[in-house]
Amino acid sequence: MRLVLVGPPGAGKGTQAEFISEHFGIPKISTGDIFRGNVSGGTDLGKLAKKYMDAGDLVPDEVTNAMVRDRLAQEDARDGFLLDGFPRNVAQAKVLDGILAEFGSGLSVVLELDVDQDEVVRRLSGRRSCKKCGHVWHLEYDPPSSPGVCDRCGGQLYHRDDDEPATVRHRLEVYLAQTSPLVKYYSSRDQLVAIDALGTVEDVTERAIEALKPYA
Ligand code: AMP
């Protein structure tokens, strides 16, 4: 299955991506995670991306597209993948179509996680991510058993700089202006399936797996 997840920041894409990729046995490719890995590793790509990420803006397409192209060319992505955070605009979607056509394949389906803006702000302000394994917790909805420590790996939890309220508002504007047109782009091509992303993590995972079964 070649799958793309679409939805506003805070819709739960990262969280659901973990469970969906595990369930269907496909690698999860998160552009946000790759950028954050480069930022903490101090690479040139990380230095460049950080400026945009801290402001809640998109990293320029040429940089992002080249990074995704390299990742999709790797062996483990040949028979399927889950893309989380890419494409983020219609230009990137067209580049993705081109890359896959070159590899002789195409997208199986695009899953939209549907959630309203108030809930998004609530989710992002309580979100805490693990520095070590990247797992995402929530202070209210899915709290770790000891504060600040990841139950999965013992790593330290932190609040992403771009989850601060002012940056969250800007990221939502960027989503509405640049990313949400993807919904129309993919639905007009009959590639979109939408699910309600409200409810517990487990409920949403169940809905996602059910919706994706026909494409596995
Ligand atoms: P995310 O973890 O998906 O919320 O991404 C965090 C940040 O990484 C975004 O706010 C952007 O600055 C950058 N980023 C992630 N994916 C992309 C993309 N496809 N295009 C441009 N920038 C991206």
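The values are calculated or read from the model by the stated rules, or taken from the named source; none is laboratory data. This one's a predicted model, so the numbers in the text were calculated from it and none came from an experiment. All Cβ positions, glycine included, derive from the backbone under ideal geometry; neighbour counts span all protein chains shown. Ligands, DNA and RNA are stripped out before the accessible areas are found, and what is left, the full protein with its side chains, is counted by its heavy atoms. Shrake-Rupley method; radii C 1.70, N 1.55, O 1.52, S 1.80 Å.
Data overview
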| read-out | value |
| --- | --- |
| Cα pair distances in the stretch 1-48, grouped into 10 Å bins until the bin that holds the longest one, percent each | 25, 42, 30, 3 |
| ³J(HN,Hα) computed for each position of the stretch 140-146 - Karplus, 6.51 cos²θ - 1.76 cosθ + 1.60, integer Hz, glycine/proline x | 9, 7, 8, x, x, 6, 10 |
| Ala194 long-range amide H proximity, modeled H, under 5 Å | Glu112 |
| Karplus 3J(HN,Hα) series, Hz, for the stretch 2-8 with 6.51 cos²θ - 1.76 cosθ + 1.60 (x for Gly, Pro) | 10, 10, 10, 9, 10, x, x |
| For Gly12, residues with placed amide H under 5 Å, excluding near neighbours | none |
| Base-10 log of normalised Debye intensity for the chain (one unit scatterer per alpha-carbon) at q = 0.08, 0.09, 0.11 Å⁻¹ | -0.26, -0.33, -0.51 |
| Within-14-Å neighbourhood charge of Pro144 [Cβ basis; K, R +1; D, E -1] | +2 |
| Distance between modelled label sites at Asp54 and Ala194, nm, 7 Å Cα→Cβ extension | 3.7 nm |
| With every protein chain in place, the stretch 17-162: carbon and sulfur % of accessible area (1.4 Å) | 49 percent |
| Where only C-alpha atoms are counted, convex hull volume of the stretch 1-108 per residue in Å³ | 104 Å³ |
| Antiparallel DSSP beta bridges within the stretch 1-136, percent to nearest 5 | 10 percent |
| FRET efficiency, Arg78 to Glu210 (Cβ-Cβ, R0 35 Å, nearest 0.05) | 0.85 |
